[in-house]
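The next block holds one structure in the form of structure tokens; read it before the comments.
The values are calculated or read from the model by the stated rules, or taken from the named source; none is laboratory data. Here the structure is a predicted model, which is why all the values come from computation and not from measurement. Using ideal geometry, Cβ is built from the backbone for each residue, glycine included, and neighbour counts are taken over all protein chains shown.
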Amino acid sequence: MSKHHVSTIINGEPVEFLCEPQQTLLDVLRDELNLTGSKEGCASGDCGACSVIVDGRLVCSCLMLGVEAEGRRITTIEGIADGDRLHPVQQKFLEHAALQCGFCTPGLIVAAKALLDENPNPTEEEARYWLAGNLCRCTGYDKVIRAVLDAAAVIRGEAAQ
Amino acid sequence: MTFVGPKENLKVVGTRPIRPDGVDKVTGRAAFGADMVMPGMLWGKIKRSPHAHARILSINCDKALALPGVKAVVTRADFPDVPPELAYIGEAPANLRDLSRNCMAKGKVLYEGHAVAAVAATSPAIAEEALDLIAVEYEVLPHVLDVEAAMAPDAPVLHEDVFTLGVDPKPTKPSNIAKRIQFVKGDVEKGFAEADVIIARRYTTKPVHQAYIEPHACVVSVASDGQCTIWSSSQGQFMVRGYTARIVGADIASIRAIPAEIGGGFGGKTIVYLEPVAYMLSKKAGRPVKMVMSREEVFRATGPTSGAVVEVKLGAKRDGRLTAAQAVLKYQSGAFPGSPINQGCTCAFAMYDIPNAVVTGYDVLCNRPKVAAYRAPGAPIASFGVESCVDELARELGIDPLALREKNAAKDGAKAVHGPTWVNIGYVATLEAAKASEHLKSPLGPNQGRGIASGYWHNAGGESSAAVHVNEDGTVTVTGGHPDIGGSRASMAMMVAEVLGVAYERVRPIVGDTAAIGFSAVTGGSRVTFAGGMAMTRAAEKVVEELKRRAAIMWDISPEAVEWRDGKAYPAGANAGSFEPLTLAQIAAKAARTGGPISAEVQLNAQGQGPGFATHICDVEVDRETGRVKILRYTAIQDVGRAIHPSYVEGQMQGGVTQGIGWALNEEYIYDQNGRLENPGFLDYRVPVASDLPMIATVIVEVPNPRHPFGARGCGEVPIVPPMAAVANAIADALGVRLRDLPMSPPKVLAAIDAAAPLAAAAE
Amino acid sequence: MPRLNFTAPTTVEEAVRALAGAPGLAKVLSGGTDLLVQLRSGRLRPELIVDTKRIPGLIGIREEEDAFVIGAATPGAMISACEPLARAWPGVVEAVDLIGSVQIQGRASLAGNLCNASPAADSVPAIIAARAVCVIAGPQGRREAPAEAIPTGPGQTSLKKGEFIVEIRLPKPRPREADAYLRFIPRTEMDIAVVGCGICVRLDAHGLCRDARVVLGAVAPTPILVPEAAEALIGHRLDAETLSRLDAAARRACRPINDKRGTIEFRTKVAGVLARRVAAIAFERAGER
């Protein structure tokens, strides 16, 4: 079984890796590139813990093959903060206690960032439906949604950072 | 030093600081079970039974061993036999022999998914290929899944050496009924004879899974001298160490278990599945072995909670006073004995002061995975039955459900059905808060209904250790022994900061591995804030005493003449001398010269945990044409004693409510006629998603528990106890139709609506 | 996941050659949201995966004079974002939008949904109702087939070895013609449809239905056109009697199974309910055009 050589851009940096065809992008991120922030919760696209952004679209990295990443721009949880400056979504998650065990948190944050990139003024219902693909078993989603709506206000300049 | 008293005096406890592990968790840096890598690491995978019940005739691993890249294969033959002793290491006592056989089947497979062999190889793909090359011959046996079918005298028997405990005379024939227990108060026959109204109902539930988003994962490294490191996400590193050591036959001291961050447990990670197997693979291969379950494996092979039958009979006077209560609970234990039948029985009527009651419980074997603890184990199932029945009684009597509960509420001094007399409980406070709530007064529209239900969990104490170290710069490192599943690290730091009188940011909490801190029992039972917090507080108090002693040395006065206030040592009164106060940092800087490092460690077995009570209000809307139920509004009211960090207390309430809603509406295990699980994934095992729910209002009631330094009670488990009945009662209010079988999924709701339709039409 | 070979051709002809020439099972990869799940579960063990996304035209939507042409591998998110398409065929776009989560939408394609041939596929009843036509490339060249001709049973299609869908053509709606789609799921998102219903109606100036296509999903081995249900609508306004006949016709057409997602009884009943609700939306939309 020969490996494929893939060139891609991850969190703004050019990255090359070798992988077998059956390895998913999630497998590659975690096992080849040591980017373990994206999590495997189900490997079937039902939980969203592996969410990443590929060429501007929110996707499940467990449903993409590593070889498909050739030439693509990928953003993972590790690329959401700007150095040591947290993204407003990350900051508001902390302030609102929108995480308990924290396992679904990377996927939720990537998904929430994707939401706010597309719609900076979502209603509660829009935020809930957008995030329906991210399962959380700890929080009941209440504080998550509050954090996302508050982060949206910050991004729109209507609330303090 | 006890702090139970006005909250206004507290500076840190009761506030909402950011948790210390928060930044790591929102940036993806936090290391969970599957995130560890060790040099030379192999990948381990488990071969699992496709049959629900079968004898293992032979296992041939030759082809697997010959596959290039395979470094070890283990079967039952590699594991020592373990005597059937009970170990009190985890949340509930576990039979070590059963636990060992659950990790690797011996002689028989008892459920689809039961482990029969394992391999370690240089890549996950090779490990999977190797599994296919292991040839297992089975003799398939008849299986039984349903709890009452398993109790029938002609049911296929899982264990030839299980005879029903608690039955007199002792049975001679093996049975799937592992035990029968009973709790009796007063004279129930007399009580029913006195009743004006008696109702008897039968409720059923399906098994549901804790459904933590992180599958079980570990990396285990066994060196050639037998020294072992286990990295795993669990609800207790001491539990992991203890169970693994017993199952593999190693000294406890030879194992160092490091707690990874844990991605949810809810009780399901208070036992081991992978660690002993990874241990054996690592020992044989001479290299570390990583094992991570797939989601499918989590569903097929780890413990859900019981499916059950709950039969409730209530007798009451016309004015609503309960005269007698009876419950029969039949709980599945799965492949080995040990359902939460005890807690089911003791929690069933806990909210009520009833003069006469009998609760009988059965622990029943069946060909499903061995049940594991799931958040207030046993209580939600019993309460679904009892709280639905109380609601039905209220309707029968024409009394408001809240008023009926108030009339019979357990209060201080009343005796519970299972024996103890209540002291310092806050159930009535939750009822009063419910009565006063705006939610209760808000109007409802067509096809909408409101349900009320209460819940109870006894919470737990137990063994905890904590260490508080004062660093040279006056910051403080605190080491606890409890994995943090819900924000407890923050609470520990807050309690220590409060005692020391320093800022929260100056206290850094960590969860220590088994070599770094004294024995601590699992994170579970709603015990960490209580017992862990108690150990932390006592350790901090000891440090304060030591700081005072050091200040006395620095001032050359007697230690009795020193006070500690607001993070500083003060001379106690003018006679002690006029010295400038010394801050913790100043004392710390001179520690070497005044006696050495300033630290304290406390180990205790916490007693005096305060039970928790809750009352929930749920509004639903039902689509009469499809049976779909929408949760419109939910308020959870709970007595937590004292909320150390209110945001995380609210979070526990909201999370427990959500799991209860899922249990009520859509979650269930679906089996085919071969005993194989048809929905081992999140597509068809339907947990609530964000769009299914409204905001969940929480009302924190604080009736302090005087046995905890800050008055805290456990809070994590009570919230899952009321929701199923709250939803069922709301549906009954909306439709006039009562559902008694969980989950209340659309086909069942629609069938109930259609069944009642001719009656409704006739009534018009 | 079992091992396999992978190729990403850059022309249709290359893809056809790869698919036709594979000794074992070869599968097209567009969005991968069904395929990877099936690879992982072991339900499918292909020897070769052919990724069609690098072929020009396979991703993208173009508007021709009489049709919208949707590249076979176009992700749902792109379809939902196409305003002219959403205005023309709101039912189709809504149906596509219902497939899974936002993450799934970022990848899942119309052709993938169709060729995966789940009886419960969300977009399929809607595109059949809208008279979609598939353009298929294969060893014998190109051919066209209506969308309803593709699925032949659960997981089975009429495509021959070496064939794959290149694009899907949706004709422009005629005057006073509109569509709608609804599905029933137990939660609010993330479930496979227990019943799906897509309806397209064309009204005359008086609001009477002149033409209709009623398609049900998840109640038979493939999505089914229900001519009897269409006949219940044609020549009528959507009044109580029409709705009742529509409901009954929809129910009579159902041949569902009992499975973990629904019972025969439930699916049949809800098929009738959905048909009524979908027809109401389609009539209203058509009336507004």
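From the list C:Gly32, C:Gly24, the one residue that fits, being at pLDDT below 95, outside any helix (DSSP H, G or I) and either within 25 Å of B:Glu296 (Cβ to Cβ) or out of contact with any His (no Cβ under 6 Å at 6 or more places or on another chain) (or both), is C:Gly24. For B:Asp21, are the conditions met, namely being in contact with a Ser or Thr (Cβ under 8 Å, 6 or more places away or on another chain), of a type in the set (Asp, Glu), within 30 Å of A:Lys92 (Cβ to Cβ) and within 14 Å of chain A (Cβ to nearest Cβ)? Spelling it out, it is not the case that B:Asp21 is in contact with a Ser or Thr (Cβ under 8 Å, 6 or more places away or on another chain), of a type in the set (Asp, Glu), within 30 Å of A:Lys92 (Cβ to Cβ) and within 14 Å of chain A (Cβ to nearest Cβ). Taking region A:77-161 and the helices (runs of 4 or more DSSP H) fully enclosed by it, the elements with 3 or more residues that are within 20 Å of C:Gly100 (Cα to Cα) are at A:105-118, A:124-130. Does any residue of region B:584-603 turn out to be touching a helix residue (DSSP H, G or I) at 6+ places or on another chain (Cβ under 9 Å), surrounded by fewer than 14 Cβ atoms within 10 Å (Cβ to Cβ) and in contact (Cβ under 8 Å) with a residue 24 or more places away in the chain? Looking through region B:584-603, at least one residue is touching a helix residue (DSSP H, G or I) at 6+ places or on another chain (Cβ under 9 Å), surrounded by fewer than 14 Cβ atoms within 10 Å (Cβ to Cβ) and in contact (Cβ under 8 Å) with a residue 24 or more places away in the chain.
When the residues of region B:281-296 are narrowed to those that are within 14 Å of chain A (Cβ to nearest Cβ) and part of a loop (DSSP other than H, G, I, E, B), which ends up nearest to A:Gly41 (Cα to Cα)?
First, the residues of region B:281-296 that are within 14 Å of chain A (Cβ to nearest Cβ): B:290-296.
Of the ones still in play, those that are also part of a loop (DSSP other than H, G, I, E, B) are B:293-294.
On the way: B:Met293: 10, B:Ser294: 8 Å.
Out of the qualifying residues, it is B:Ser294.
Looking only at residues in region A:32-47 that are closer than 22 Å to C:Leu35 by Cβ and in contact with a Lys or Arg (Cβ under 6 Å, 6 or more places away or on another chain), the one that is farthest from the other protein chains (Cβ to nearest Cβ) is A:Ala43. Taking the listed residues B:Ala376, B:Ala403, the one that is modelled with pLDDT of 95 or more, within 24 Å of B:His439 (Cβ to Cβ) and touching an Asp or Glu at 6+ places or on another chain (Cβ under 6 Å) is B:Ala376, with no other qualifying. Note on region B:484-501: residues that are assigned to a loop (DSSP other than H, G, I, E, B) and surrounded by 24 or more Cβ atoms within 10 Å (Cβ to Cβ) total 4. Does region A:89-100 contain at least one residue that is buried (at least 23 other Cβ atoms within 10 Å of the Cβ), within 12 Å of chain B (Cβ to nearest Cβ), under 12 Å from the mean Cα position of the chain (by Cα) and under 29 Å from B:Ile262 (Cβ atoms)? Yes, region A:89-100 contains at least one residue that is buried (at least 23 other Cβ atoms within 10 Å of the Cβ), within 12 Å of chain B (Cβ to nearest Cβ), under 12 Å from the mean Cα position of the chain (by Cα) and under 29 Å from B:Ile262 (Cβ atoms). On inspection, B:Ile452 fails the criterion of being surrounded by 24 or more Cβ atoms within 10 Å (Cβ to Cβ), assigned to a helix (DSSP H, G or I) and in contact with a helix residue (DSSP H, G or I) (Cβ under 8 Å, 6 or more places away or on another chain). Looking only at region C:249-288, residues that are facing another protein chain (nearest Cβ under 8 Å) and assigned to a helix (DSSP H, G or I) come to 5 in all.
Show me the helices (runs of 4 or more DSSP H) found entirely inside region C:68-128 where at least 3 residues are out of contact with any Leu (no Cβ under 8 Å at 6 or more places or on another chain), in contact (Cβ under 8 Å) with a residue 24 or more places away in the chain and buried (at least 24 other Cβ atoms within 10 Å of the Cβ). Please lay out each step first, then the result.
On the way: elements: C:76-80, C:83-88, C:90-97, C:102-105, C:110-116.
Here the list reads C:110-116.
Scanning region B:661-702 for residues that are assigned to a helix (DSSP H, G or I) and within 11 Å of chain A (Cβ to nearest Cβ) gives B:Ile661, B:Gly662, B:Ala690, B:Ser691, B:Asp692.
Can you tell which of A:Leu65, A:Leu29, A:Leu116, A:Leu25 is within 20 Å of A:Ala132 (Cβ to Cβ), more than 7 Å from chain B (Cβ to nearest Cβ) and buried (at least 22 other Cβ atoms within 10 Å of the Cβ)? Full working, then the answer.
Details: A:Leu65 fails: within 20 Å of A:Ala132 (Cβ to Cβ); A:Leu29 fails: within 20 Å of A:Ala132 (Cβ to Cβ); A:Leu25 fails: within 20 Å of A:Ala132 (Cβ to Cβ).
The unique qualifying residue is A:Leu116.
Applying the criterion of being away from chain A (no Cβ under 14 Å) and out of contact with any helix residue (DSSP H, G or I) (no Cβ under 9 Å at 6 or more places or on another chain) to the residues of region C:168-192, the residue that is farthest from C:Gly217 (Cα to Cα) is C:Pro175.
This table checks each residue for (1) in contact (Cβ under 8 Å) with a residue 60 or more places away in the chain; (2) within 14 Å of another protein chain (Cβ to nearest Cβ); (3) of a type in the set (A, V, I, L, M); (4) over 26 Å from B:Ile720 (Cα atoms).
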site: B:Thr172; (1), (2), (3), (4): no, no, no, yes
site: B:Asn176; (1), (2), (3), (4): yes, no, no, yes
site: B:Phe183; (1), (2), (3), (4): yes, no, no, no
site: B:Ala211; (1), (2), (3), (4): yes, yes, yes, no
site: B:Cys218; (1), (2), (3), (4): yes, no, no, yes
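Can A:Leu18 be described as within 14 Å of chain B (Cβ to nearest Cβ), outside any loop (DSSP other than H, G, I, E, B), more than 17 Å from the chain's Cα centre (by Cα) and without any contact (Cβ under 8 Å) to a residue 40 or more places away in the chain? Spell out the reasoning first.
Numbers: within 14 Å of chain B (Cβ to nearest Cβ): yes; outside any loop (DSSP other than H, G, I, E, B): yes; more than 17 Å from the chain's Cα centre (by Cα): yes; without any contact (Cβ under 8 Å) to a residue 40 or more places away in the chain: yes.
Against the criterion (within 14 Å of chain B (Cβ to nearest Cβ), outside any loop (DSSP other than H, G, I, E, B), more than 17 Å from the chain's Cα centre (by Cα) and without any contact (Cβ under 8 Å) to a residue 40 or more places away in the chain), A:Leu18 qualifies.
Within region C:183-238, the set of residues being touching a Ser or Thr at 6+ places or on another chain (Cβ under 9 Å), not small (Gly, Ala, Ser) and not in a loop (DSSP other than H, G, I, E, B) comprises C:Phe184, C:Val195, C:Cys209, C:Leu233.
Whenever a residue of region A:141-156 is within 22 Å of B:Thr698 (Cβ to Cβ) and within 11 Å of chain B (Cβ to nearest Cβ), it has no partner that is surrounded by fewer than 20 Cβ atoms within 10 Å (Cβ to Cβ) and hydroxyl-bearing (Ser, Thr, Tyr) lying with C-beta atoms less than 6 angstrom away and at least six residues away or across chains. Looking only at residues in region B:508-529 that are assigned to a strand (DSSP E or B) and under 25 Å from B:Gly608 (Cβ atoms), the one that is farthest from the other protein chains (Cβ to nearest Cβ) is B:Pro509. When restricted to residues that are among the aliphatic types (A, V, I, L, M) and either within 14 Å of chain A (Cβ to nearest Cβ) or assigned to a helix (DSSP H, G or I) (or both), region B:240-263 contains 8.
Sort out which residues of region B:395-408 are of a type in the set (A, V, I, L, M, F, W, C) and buried (at least 21 other Cβ atoms within 10 Å of the Cβ), and write them in order of number. Passing the criteria: only B:Leu404. Is region C:39-59 home to any residue that is within 14 Å of chain A (Cβ to nearest Cβ), assigned to a helix (DSSP H, G or I) and either basic (Lys, Arg) or surrounded by fewer than 21 Cβ atoms within 10 Å (Cβ to Cβ) (or both)? Yes, some residue in region C:39-59 is within 14 Å of chain A (Cβ to nearest Cβ), assigned to a helix (DSSP H, G or I) and either basic (Lys, Arg) or surrounded by fewer than 21 Cβ atoms within 10 Å (Cβ to Cβ) (or both).
Residue check: is B:Val312 in a strand (DSSP E or B), more than 14 Å from every other protein chain (Cβ to nearest Cβ), touching a Lys or Arg at 6+ places or on another chain (Cβ under 6 Å) and modelled with pLDDT of 95 or more? Give the derivation first.
Working: in a strand (DSSP E or B): yes; more than 14 Å from every other protein chain (Cβ to nearest Cβ): yes; touching a Lys or Arg at 6+ places or on another chain (Cβ under 6 Å): yes; modelled with pLDDT of 95 or more: yes.
Against the criterion (in a strand (DSSP E or B), more than 14 Å from every other protein chain (Cβ to nearest Cβ), touching a Lys or Arg at 6+ places or on another chain (Cβ under 6 Å) and modelled with pLDDT of 95 or more), B:Val312 qualifies.
Taken as a whole, the structure places B:Thr27 among residues that are without any contact (Cβ under 8 Å) to a residue 40 or more places away in the chain and polar (S, T, N, Q).
Grab the strands (runs of 3 or more DSSP E) fully contained in region B:190-232, keeping just those with 3 or more residues being crowded, with 23+ Cβ neighbours inside 10 Å.
Values: elements: B:197-205, B:217-222, B:228-232.
Once the strands (runs of 3 or more DSSP E) in region B:190-232 are filtered for at least 3 residues that are crowded, with 23+ Cβ neighbours inside 10 Å, what remains is B:217-222, B:228-232.
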